[in-house]
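The values are calculated or read from the model by the stated rules, or taken from the named source; none is laboratory data. Note that the structure is a prediction, hence the values are computed from the model and not measured. As a convention, Cβ positions derive from the backbone with ideal geometry for all residues, glycine included, and neighbour counts pool all protein chains shown. What goes into the accessible areas is simple: the full protein's heavy atoms, side chains included, and nothing from ligands, DNA or RNA. Shrake-Rupley method; radii C 1.70, N 1.55, O 1.52, S 1.80 Å.
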Amino acid sequence: MNEAVHWEKGAESPRPKELPGRWARSALALVPPLSLGVLGFVPSLTLALRRGTRGDWLAALFFTAVSVGWCFQIALTPEETHGFPYLLDLVLLAASTVGAAAHCLFAREIGR
């Protein structure tokens, strides 16, 4: 059967819809803390590319925006920061490292 016709009939995607194994997710969860949040988008982007659900893509978009925002924050603020800029830097760093790692570790299977 022609592949284009096969896709038009609503066939299942050849992409696996399950999460990677626990060891693979644990290794992916180590990427954000080891890179100090710079690569915080990698685990969620990997999950989105693997499963392709809307929630996974939204999480990948969120953690990419947080990582880019944190990079701009550290580039544009002075070394001795106090008050709101320091709080914003702390929140972005925590979301980019701890949040991305937690998302990778605690992502749920589809349908659960």
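Descriptive notes on the structure:
- Count of residues meeting criterion [under 9 Å from SER96 (Cα atoms) and part of a helix (DSSP H, G or I)] in the stretch 38-68: 4
- Subset of the stretch 69-112 (residues that are more than 24 Å from GLY21 (Cβ to Cβ), out of contact with any helix residue (DSSP H, G or I) (no Cβ under 8 Å at 6 or more places or on another chain) and not in a helix (DSSP H, G or I)): PRO78, GLU79, GLU80, HIS82, GLY83
- Candidate set: the stretch 28-37, residues that are open to solvent by 60 Å² or more (accessible area, probe 1.4 Å) and not in a loop (DSSP other than H, G, I, E, B); chosen: the one nearest to GLY69 (Cα to Cα): PRO33
- Going through (1) within 18 Å of LEU28 (Cβ to Cβ); (2) at pLDDT below 85; (3) open to solvent by 50 Å² or more (accessible area, probe 1.4 Å); (4) not hydroxyl-bearing (Ser, Thr, Tyr) one by one, LEU76 falls short only on (1).
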